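Enquirer: Mind having a look at this structure? Questions to follow.
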Amino acid sequence: MSNPTLDQILGRPLQTITKIDAARRQLATAIELWFADGHEVSTYTLAYASHEIIHALHKKHGLGDLLYDSDAIKPELRKVGEADQYHPIGSSTLRKNGAGTTVSR
């Protein structure tokens, strides 16, 4: 007997979406969480994941500068990880405190 497929487990066919649609959905969900006073880490993670997809697609298609690639941004702030320093729960804080850290508002 073979293992069931994910379609069979879910009881419906899987939906195929494009990368840009995934980025839009991630950003829309991040915005909803932000205005609903949702969890900061989830909001930031979704927004940043959306940015990474859009940035990669933008570069792949040879389009103009995005925000972090712009000459208007200081070179030391263009690094991908630099955005973490402006987030109240930056990656360095999570690394320092370890997994499972509880963050209060």
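Enquirer: Evaluate segment 76-86: report whether one residue or more is at pLDDT below 90, in a helix (DSSP H, G or I) and among the basic types (Lys, Arg).
Expert: Checked against the condition, which is being at pLDDT below 90, in a helix (DSSP H, G or I) and among the basic types (Lys, Arg), segment 76-86 yields no hits at all.
Enquirer: Taking the options ASP65, ASP71, name whichever one is surrounded by 10 or more Cβ atoms within 10 Å (Cβ to Cβ), modelled with pLDDT under 85 and of a type in the set (D, E, K, R).
Expert: After applying the criteria, what remains is ASP65.
Enquirer: Which residues, taken from segment 10-38, are within 15 Å of GLU52 (Cβ to Cβ) and basic (Lys, Arg)?
Expert: LYS19, ARG24, ARG25
Enquirer: Okay, moving on. Evaluate segment 42-52: report whether one residue or more is over 20 Å from LEU66 (Cα atoms) and either in contact with a helix residue (DSSP H, G or I) (Cβ under 9 Å, 6 or more places away or on another chain) or not hydroxyl-bearing (Ser, Thr, Tyr) (or both).
Expert: Yes, the conditions are met somewhere in segment 42-52.
Enquirer: OK, next. Are any residues in segment 31-41 assigned to a helix (DSSP H, G or I) and exposed (fewer than 13 other Cβ atoms within 10 Å of the Cβ), and if so, which ones?
Expert: GLU32, PHE35
The values are calculated or read from the model by the stated rules, or taken from the named source; none is laboratory data. Please read all numbers here as calculations on a predicted model, not as lab measurements. Neighbour counts are summed over all protein chains in view; Cβ atoms, including those assigned to glycine, are modelled from backbone coordinates with ideal geometry.
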